[in-house]
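Undergrad: Got a structure here, written out as structure tokens. Questions coming.
The values are calculated or read from the model by the stated rules, or taken from the named source; none is laboratory data. Since this is a predicted model, take the numbers as computed values, not measurements. All Cβ positions, glycine included, derive from the backbone under ideal geometry; neighbour counts span all protein chains shown.
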């Protein structure tokens, strides 16, 4: 079932930054963030829709497992409170008084349920690549951020995710008895720093586990739009 949490939070203002946009590619993909839980019976269709586009070079598909349905009889094996906070940041920034699963946020702007592949594809086409942020590149164990104009500081995020399909047997809760495929599950989310318009180099922390892929995001404030992305 489609679920909401009852907590109400006020909307928060977000900032922006402006630099020449880049074409869609692995160096500047459309960012698709899925918020889901193994304890939510309405999540499998959204998981499947996002899994289906996870291999596209022009899309960065990220699956965030939230914690607020762990109480329903099954604790999501990938859930992290940081991912729940990220979804709430989007809710506050968008003036929404609740969060729900499943939910897909495209480029930090467009919020949809995500279970309809045609609607997801249409939203991705409409949004296009992340735009407005600085150039991003990685050399060695550091990310290089180009200079540009910034109306307000942008957050620089490190994301590490598992590109493999992971089949998880769910033994209890709403999906009890099912085996659900997961792909591009986020395993690490860390703020590297803030970009204020000047060129910068930020160190990259070591991965927490082997086999993960890395992405770098710039975001126009907490819960704001994604202005740049780099898939490694």
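Undergrad: Test of understanding: among 186, 168, which residue is outside any loop (DSSP other than H, G, I, E, B) and either in contact with a helix residue (DSSP H, G or I) (Cβ under 9 Å, 6 or more places away or on another chain) or over 21 Å from residue 76 (Cα atoms) (or both)?
TA: On the way: 168 fails: either in contact with a helix residue (DSSP H, G or I) (Cβ under 9 Å, 6 or more places away or on another chain) or over 21 Å from residue 76 (Cα atoms) (or both).
Result of the check over 186, 168: 186.
Residue-by-condition table, conditions (1) farther than 25 Å from residue 140 by Cα; (2) not in a loop (DSSP other than H, G, I, E, B):
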residue: 177; (1), (2): yes, no
residue: 210; (1), (2): no, no
residue: 221; (1), (2): yes, no
residue: 228; (1), (2): no, yes
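Undergrad: Looking only at the range 57-78, count every residue that is closer than 18 Å to residue 124 by Cβ and either part of a loop (DSSP other than H, G, I, E, B) or free of Cβ contacts under 8 Å to residues at least 12 places away in the same chain (or both) and tell me the total. Lay out the reasoning, then the answer.
TA: So in the range 57-78, the residues closer than 18 Å to residue 124 by Cβ come out as 57-64.
Narrowing the set further to residues that are either part of a loop (DSSP other than H, G, I, E, B) or free of Cβ contacts under 8 Å to residues at least 12 places away in the same chain (or both) leaves 57-58.
Going through the range 57-78 one residue at a time, the tally reaches 2.
Undergrad: How many of the residues in the range 79-101 are more than 21 Å from residue 185 (Cβ to Cβ) and not in a helix (DSSP H, G or I)? So that I can check it myself, show each step before the final result.
TA: Quick first cut of the range 79-101, residues more than 21 Å from residue 185 (Cβ to Cβ) only: 91-98.
Retained after the next criterion (residues that are not in a helix (DSSP H, G or I)): 94-98.
Count: 5.
Undergrad: Only one residue in 93, 111 is surrounded by 15 or more Cβ atoms within 10 Å (Cβ to Cβ), free of Cβ contacts under 8 Å to residues at least 24 places away in the same chain and either within 13 Å of residue 219 (Cα to Cα) or touching a strand residue (DSSP E or B) at 6+ places or on another chain (Cβ under 8 Å) (or both), so which one is that?
TA: Exactly one residue qualifies, and that residue is 111.
Undergrad: If you don't mind, another one. Looking at (1) out of contact with any helix residue (DSSP H, G or I) (no Cβ under 8 Å at 6 or more places or on another chain); (2) touching a residue at least 12 places away in the same chain (Cβ under 8 Å), which is the only condition residue 118 fails?
TA: (2)
Undergrad: Tell me yes or no: at least one residue of the range 31-43 is over 30 Å from residue 149 (Cβ atoms), in a helix (DSSP H, G or I) and touching a strand residue (DSSP E or B) at 6+ places or on another chain (Cβ under 7 Å).
TA: Start the filter on the range 31-43 by keeping residues that are over 30 Å from residue 149 (Cβ atoms), which leaves 34-43.
Then keep just the ones that are in a helix (DSSP H, G or I); that gives 43.
If we keep only those that are touching a strand residue (DSSP E or B) at 6+ places or on another chain (Cβ under 7 Å) as well, we get 43.
Yes, the range 31-43 has at least one match.
Undergrad: I would also like to ask the following. (1) in contact with a helix residue (DSSP H, G or I) (Cβ under 8 Å, 6 or more places away or on another chain); (2) assigned to a loop (DSSP other than H, G, I, E, B); (3) at pLDDT 95 or above: which one isn't true of residue 181, the others all being true?
TA: In the conditions (1) in contact with a helix residue (DSSP H, G or I) (Cβ under 8 Å, 6 or more places away or on another chain); (2) assigned to a loop (DSSP other than H, G, I, E, B); (3) at pLDDT 95 or above, residue 181 misses (2) alone.
Let's see how each residue does on (1) in contact (Cβ under 8 Å) with a residue 40 or more places away in the chain; (2) farther than 27 Å from residue 84 by Cβ; (3) in a strand (DSSP E or B):
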{"site": "161", "(1), (2), (3)": "yes, no, yes"}
{"site": "173", "(1), (2), (3)": "yes, no, no"}
{"site": "197", "(1), (2), (3)": "yes, yes, no"}
{"site": "207", "(1), (2), (3)": "yes, no, no"}
